[in-house]
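Q: Got a structure here, written out as structure tokens. Questions coming.
FYI, it's all coordinate maths here, none of it is from the lab. Computed from a predicted structure; not experimentally measured. Every residue, glycine among them, receives a Cβ derived from its backbone with ideal geometry; neighbour counts consider all protein chains shown.
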Amino acid sequence: MNVQTEIKAKVALRIVLCAPRGFCAGVVRAIEAVERAIDHFGPPIYVRHEIVHNRYVVESLKAKGAIFVEELSEIPDTGAPVIFSAHGVPKSIPAEAAARKFFAIDATCPLVTKVHREAEIHHKRGRLVLLIGHAGHPEVVGTMGQLPEGAVQLVQSVQEVDLLRPADERNLAFVTQTTLSLDDTAEIVAALRARFPHIIGPHKQDICYATTNRQEAVKAVSSTVDAVIVVGSPNSSNSQRLREVAERSGCPNARLVDGRKDLDWSLYDAVRSIAITAGASAPEVLVNDVINAFGERFDVTIETVSTGAENVFFPLPRELRADA
């Protein structure tokens, strides 16, 4: 008896890769800072908070000799480098490190440092600083911690603008978390300007170039595909915002995944086109893993939609440069 084995043909799937995607200059700088410190000083080195919000990156650095802690109190007395994450820290953290005579290296993204300096200038000029951002995010904690308690007030929504009762409405300024949704932030800024016509904002928007560029790329493709996948960790603010942008731009089937293991295949049975992007802290290796996972199940064709190029570079912290 002849037994015929039917080989089922794979269904065609068009994958649209968004560009720009993945690592930004601030993330590259922060990761390289940890790797350079390990290479130069030897393990272990200590990092306060996840250097960037990506599980794969953090686990990779742990394997090389990085020890991640949430507070400096977890670090023993040591001469090993202690690195502050890309999100920035309150002023109390460098002060604590200095008191314990740690060799501290600040890997704060320069664009976050820019927001810190703006807030300080406004405070020196007698203005109450309104910070648009998400409560509890490390960047927000760091920015609020640049100034004395009460000098910065967090604003998370248009509704919260209505609840503001500043002592002097003519002496207000605002800054923003760098990883927010452009559209959400624009709505809050518009509400602030409508209610407080004299409020002072940044000369250039605080939302970083990488966040802006990745959101614009997602906007360009979301209404043209059946699904969108954002590669990034759940605690990554800019990755979460990319998923939200995709939904608002016309693709309700938008998911955030840490990697191929998080793919729910039941969501893609009827999908014939999918866009893939990655948050600013997600490495390209994870994007390739997701593409390969789809390639195992579908007959994949890949195209790239680019909405701009990036050539931003940030030098390493001074302590880690070749001439240090």
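Q: Enumerate by residue number the GluC sites (Glu not before Pro) in the range 112-184 meeting two conditions: DSSP loop (anything except H, G, I, E, B), and at most 13 other Cβ atoms within 10 Å of the site's Cβ.
A: Here the GluC sites (Glu not before Pro) that fit, given the DSSP loop and packing criteria, are E149.
Q: Straight-line reach only, C-alpha to C-alpha below 15 angstrom: list the aspartates and glutamates that K62 could link to, leaving out same-chain residues fewer than 8 apart.
A: Once the sequence-local aspartates and glutamates are set aside, what remains near K62 is E32, E35, D39, E50, E70.
Q: Where a Cα-Cα gap under 12 Å defines reach, which aspartates and glutamates qualify for K204, not counting those fewer than 8 residues away within the same chain?
A: E118
Q: Between I67 and E284, what FRET efficiency follows from the Cβ-Cβ distance if R0 is 25 Å, with the result rounded to 0.05?
A: Calculated transfer efficiency: 0.45.
Q: Hey, how much of the P(r) for the chain falls beyond 34 Å, as a percent of Cα pairs?
A: 32 percent
Q: A further question on this structure: If we sort 85-91, 142-148, 68-74, 194-200 on the protection proxy, mean other Cβ atoms within 10 Å, highest first, what's the order?
A: 85-91, 142-148, 194-200, 68-74
Q: Normalised by the residues of the chain, what does the relative contact order come to in percent, with Cα pairs under 8 Å and at least six apart?
A: In percent, rounded to a whole number, it is 26.
Q: A follow-up question, please. Counting only Cα atoms, I'd like the Rg/Rh figure for the range 25-110, Kirkwood definition for Rh.
A: 0.92
Q: Among all the aspartates and glutamates, which ones have a C-alpha under 13 Å from K261's C-alpha, if same-chain residues fewer than 8 places away are not counted?
A: The qualifying aspartates and glutamates are D289.
Q: Please list, by residue number, everything in the range 91-133 whose backbone N is under 13 Å from a paramagnetic label point 7 Å out along Cα→Cβ of H40.
A: 103-107
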